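Following: one structure in structure tokens, then a few remarks.
Nothing in this text is a laboratory measurement; each read-out follows from the coordinates by a stated rule. The model shown is predicted, which means the values in this text are computed figures rather than measured ones. As a convention, Cβ positions derive from the backbone with ideal geometry for all residues, glycine included, and neighbour counts pool all protein chains shown.
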Amino acid sequence: MRETFERTGAGVMGKRMFDLGERAWPEESPFHTPVFVVTHERRDPWERPGGTTFHFVNDGIEPALDRAREAAGDRDVRITGGGATILEYVNAGLVDEFSIALAPVLFGSGVRLFECVDASRVALEPVRAEPTRRVTHLTYAVRAR
């Protein structure tokens with residue numbers, strides 16, 4: 001998974017994930033790239049030590065992705081979540097590939113990632129599985145049907 005972070009030039013996340021992380025992340029957040037937060041509220045950019053600036057985009061998922069692509073240049077854009085935000089991007093046909101870190105922990109709530117994928121429009125093709133002692137990293141290509 002380290003190569004995923006090395007290829008990433010910018011990120012996108014939903015407001016709910018940002019809200020949870022804003023309280024939990026250390027002062028130097030873990031992203032080290034610009035991150036575009038999909039939200040309905042207006043807020044000035046929030047710059048953190050280590051190269052992360054959170055930009056708040058309140059005009060939809062596509063403008064957030066466009067801004068992230070521009071910031072990333074020739075590197076990847078990583079949509080970090082949460083689950084509802086990832087589903088929006090997958091169902092809109094805006095995701096080429098995604099990875100899941102599968103760990104044997106049951107939280108009891110959250111979004112079932114594949115439950116709301118529009119199978120009439122989207123096909124998922126396994127690309128690789130990378131098991132470790134604590135987590136299995138699954139990567140899928142997203143194809144239009």
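Can you list which of the chymotrypsin sites (Phe, Trp or Tyr not before Pro) found in region 56-145 are DSSP loop residues with at most 14 other C-beta atoms within 10 Å?
Counting only loop positions with at most 14 other Cβ atoms within 10 Å, the chymotrypsin sites (Phe, Trp or Tyr not before Pro) in region 56-145 are Phe107, Phe114.
Out of Ile79, Ile100, Ile61, any idea which swings most in a Gaussian network model of the chain, alpha carbons joined below 10 Å?
Ile100
Would you mind calculating the gained length between Glu27 and Glu6 on full extension (0.36 nm times residue separation, minus the Cα-Cα distance), in nm to one decimal?
This chain segment gains 5.5 nm when fully extended.
Tell me what the chain gives for mean residue ellipticity at 222 nm when only DSSP H runs of n ≥ 4 count, each as -39,500 (n - 2.57), the sum divided by the residue total, rounded to 500 deg cm²/dmol.
Value at 222 nm, helices only, nearest 500: -7500 deg cm²/dmol.
What number, in nm² with one decimal, is the all-direction average of the projected area of the convex hull of the alpha-carbon atoms of the chain?
9.3 nm²
Lys and Arg at +1, Asp and Glu at -1: add these up for the other residues within a Cβ distance under 14 Å of Arg128 and post the number.
Local charge sum for Arg128: -4.
Taking only Cα atoms and a 10 Å spring cutoff, compute GNM fluctuations for the chain and point out the largest among Pro49, Pro104, Pro30.
Pro104
Quick one: of the DSSP bridges fully inside region 66-145, what percent are antiparallel, nearest 5? Walk me through the intermediate numbers first.
Working: 15 of 15 bridges.
In region 66-145, approximately 100 percent of DSSP beta bridges are antiparallel ones.
Please return the longest range in the chain lying between exposed loop sites, taking GluC sites (Glu not before Pro), DSSP loop only, at most 16 other beta-carbon atoms within 10 Å, and leaving the sites out.
Counting at most 16 other Cβ atoms within 10 Å as exposed, the longest clean stretch of the chain is 42-114.
Using DSSP to define loop residues, name the trypsin sites (Lys or Arg not before Pro) in region 22-89 whose beta-carbon has at most 10 other beta-carbon atoms within 10 Å.
On the way: sites: Arg23, Arg42, Arg43, Arg67, Arg69, Arg75, Arg78; in loops: Arg42, Arg43, Arg75.
Within region 22-89, the qualifying trypsin sites (Lys or Arg not before Pro) (loop, at most 10 other Cβ atoms within 10 Å) are Arg42.
Amide H neighbours of Arg48 under 5 Å, counting only residues 5+ apart in sequence or on other chains, H built in-plane at 1.01 Å?
When sequence neighbours closer than 5 places are left aside, the close amide H contacts are Thr53, Phe54.
What are the residues whose amide H is under 5 Å from the amide H of Ala10, where those residues sit 5 or more places off or on another chain and H is modelled from the backbone?
Arg78
For region 1-79, what is the per residue volume of the convex hull drawn over the alpha-carbon atoms, in cubic angstrom?
88 Å³
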